[in-house]
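Engineer: I'd like to ask you about the structure that follows.
Every number in this text was worked out from the coordinates using simple rules, so none of it is lab data. Since the structure is predicted, the reported quantities are computational estimates derived from the model, not experimental observations. Cβ coordinates were reconstructed from backbone atoms using ideal geometry, including for glycine residues, and neighbour counts include every protein chain displayed.
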Amino acid sequence: MRAAVQWSAGGTFEVSDVDLAEPGPGEVVVRVRAAGVCATDLSLTTAFGQPTPVVLGHEGAGTVERLGAGVTDLTVGEHVLVLWVAPCGTCTPCLRGDEHLCAGRRSTGSGPATARLSIHGEVVHQGMNTATFAELTVLPRAAVLPIPDDVPFPVAAMFGCAVPTGVGAALRSARVRPGDSVAVIGAGAVGLNAVLGAQVAGAARLIAVDPTERRRETARELGATESMTPAEFAERGRDLDVVIDAVGHPPTILDAWRAVRRGGTVTVVGAGRKDETVPLSAYELFHDDKRITGSWHGGMSMRRDLGLLVDLWRAGRLPVERLVAGTADLTEINQVVADQQQGRVVRTVLTPT
Ligand code: CXF
Ligand code: ZN
């Protein structure tokens, strides 16, 4: 089957013929009908320890192709979403409802116990254990979630990461409340979904912060009440109830910290690096009663929250299709990456099959 292989860290992609193992007991083969390129796919090999060669891709949706032994609750042809957090369902966090915090969650780049992809017998890694930049992928049952057929595949793919991560950052992690003044730093796919989530939660003032005018304009079209460059925000962003940082670098975290009011909340949903630290004022933390939270997968547990996201999408309150500029074959992946990185589009969704 065809898959886009990244042969070296940070390198370009090459569509190659990759061998896929038959599904083992408890596994499912998914035919990938749509796959989004999430910004973090592009830094996995350079910043998060993902070995190469690798088939990346963790936003994906498709149909069930084959079932391994013992999988009896899915049917071939059923529409499914690929989950990059595959919850065990039995550990304490899972039982508490925090499936995104599953104790058995694998660290990025650790890969499955048994290699599932190879070329001429040489192992090819499955990025984030999902490897959706491919025609087919083999996954544990827990990494596959049925999704209603009325959700188009490109939209469904974005339900795999950008939508829950961004919307959840506002709804679950930051707990935006009606009437709140909110800023979102970074107007890429996650930040724009945080803008949508903040609206769902009832934000009154909603500021989108991004250096790129085109992205600021998109945020305003999607309902941000105003937009600022990072320099404008550093100078004028003050007294906000909530700031969601979808960048996750120390300077943006500090800008967010300065901009929240006493008792306000900073939520960091951008992917932080292991070697970066943030010097926060202990005085402000205590005296100003400020809160700072992380946000992994937007605090969303997909088996619980997918229905909520689909209902909001059906009601027109999460117009995810407006973030999708179009679709492209796997062979166009390098151009898709360039278009997204340069801010020409939010997402062009790959359609491997
Ligand atoms: C990523 C962030 C970087 C580590 C792997 C998961 N989240 C979503 O894309
Ligand atoms: Zn992602």
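Engineer: Can you tell me which residues in segment 224-240 are exposed (fewer than 14 other Cβ atoms within 10 Å of the Cβ) and in a helix (DSSP H, G or I)?
Structural biologist: Ala231, Glu232, Glu235, Arg236
Engineer: Considering only segment 122-143, I want to know if a residue exists there that is of a type in the set (Lys, Arg), surrounded by fewer than 21 Cβ atoms within 10 Å (Cβ to Cβ) and more than 26 Å from Val349 (Cα to Cα).
Structural biologist: No, the conditions are met nowhere in segment 122-143.
Engineer: Another question, if that's okay. Given the conditions (1) in contact with a helix residue (DSSP H, G or I) (Cβ under 9 Å, 6 or more places away or on another chain); (2) in a loop (DSSP other than H, G, I, E, B); (3) surrounded by fewer than 19 Cβ atoms within 10 Å (Cβ to Cβ), report the number of the one that Pro352 does not fulfil.
Structural biologist: That leaves (3) as the condition not met.
Engineer: Any residue at all in segment 82-92 that's polar (S, T, N, Q), more than 16 Å from ligand 1 (Cβ to nearest atom), without any contact (Cβ under 8 Å) to a residue 60 or more places away in the chain and in a loop (DSSP other than H, G, I, E, B)?
Structural biologist: yes
Engineer: Tell me which of these Val155 doesn't satisfy, since it passes every other one: (1) of a type in the set (A, V, I, L, M, F, W, C); (2) in a helix (DSSP H, G or I); (3) over 20 Å from Val37 (Cβ atoms); (4) in contact (Cβ under 8 Å) with a residue 12 or more places away in the chain.
Structural biologist: (3)
Engineer: Filter segment 252-293 down to the residues that are surrounded by 14 or more Cβ atoms within 10 Å (Cβ to Cβ) and more than 19 Å from Asp180 (Cα to Cα) and list them by number.
Structural biologist: If the condition is that a residue be surrounded by 14 or more Cβ atoms within 10 Å (Cβ to Cβ) and more than 19 Å from Asp180 (Cα to Cα), then Thr252, Ile253, Leu254, Gly270, Ala271, Gly272, Val278, Leu280, Glu284 are the ones that fit.
Engineer: Given the residues Ala142, Ala103, which is the only one that is under 19 Å from Arg303 (Cα atoms), in a loop (DSSP other than H, G, I, E, B) and free of Cβ contacts under 8 Å to residues at least 60 places away in the same chain?
Structural biologist: So the residue among Ala142, Ala103 that is under 19 Å from Arg303 (Cα atoms), in a loop (DSSP other than H, G, I, E, B) and free of Cβ contacts under 8 Å to residues at least 60 places away in the same chain is Ala103.
Engineer: Here is a further query. Scan Ala103, Ala39 and give me the residue that is of a type in the set (A, V, I, L, M) and within 16 Å of ligand 1 (Cβ to nearest atom).
Structural biologist: The unique qualifying residue is Ala39.
Engineer: Separate question: Checking Thr63 against (1) within 16 Å of ligand 1 (Cβ to nearest atom); (2) polar (S, T, N, Q); (3) not in a loop (DSSP other than H, G, I, E, B), which single condition isn't satisfied?
Structural biologist: (1)
Engineer: Is it the case that segment 330-344 has a residue that's of a type in the set (Asp, Glu) and assigned to a loop (DSSP other than H, G, I, E, B)?
Structural biologist: No.
Engineer: Give me a count of the residues in segment 31-56 that are within 16 Å of the chain's Cα centre (by Cα) and either in a strand (DSSP E or B) or free of Cβ contacts under 8 Å to residues at least 40 places away in the same chain (or both).
Structural biologist: Number of matching residues: 3.
Engineer: Taking segment 14-67 on its own, how many of its residues are of a type in the set (Asp, Glu) and within 16 Å of ligand 2 (Cβ to nearest atom)?
Structural biologist: Number satisfying all stated conditions: 2.
Engineer: Can you say whether Gly97 is over 30 Å from Arg214 (Cβ atoms), small (Gly, Ala, Ser) and in contact (Cβ under 8 Å) with a residue 40 or more places away in the chain, as far as the supplied structure shows?
Structural biologist: It is true that Gly97 is over 30 Å from Arg214 (Cβ atoms), small (Gly, Ala, Ser) and in contact (Cβ under 8 Å) with a residue 40 or more places away in the chain.
Engineer: Follow-up question, since we're still on this one. Looking at (1) away from ligand 1 (no atom under 16 Å from the Cβ); (2) closer than 28 Å to Gly272 by Cβ; (3) buried (at least 16 other Cβ atoms within 10 Å of the Cβ), which is the one condition that is false for Thr45?
Structural biologist: Only one criterion in (1) away from ligand 1 (no atom under 16 Å from the Cβ); (2) closer than 28 Å to Gly272 by Cβ; (3) buried (at least 16 other Cβ atoms within 10 Å of the Cβ) is unmet by Thr45, namely (1).
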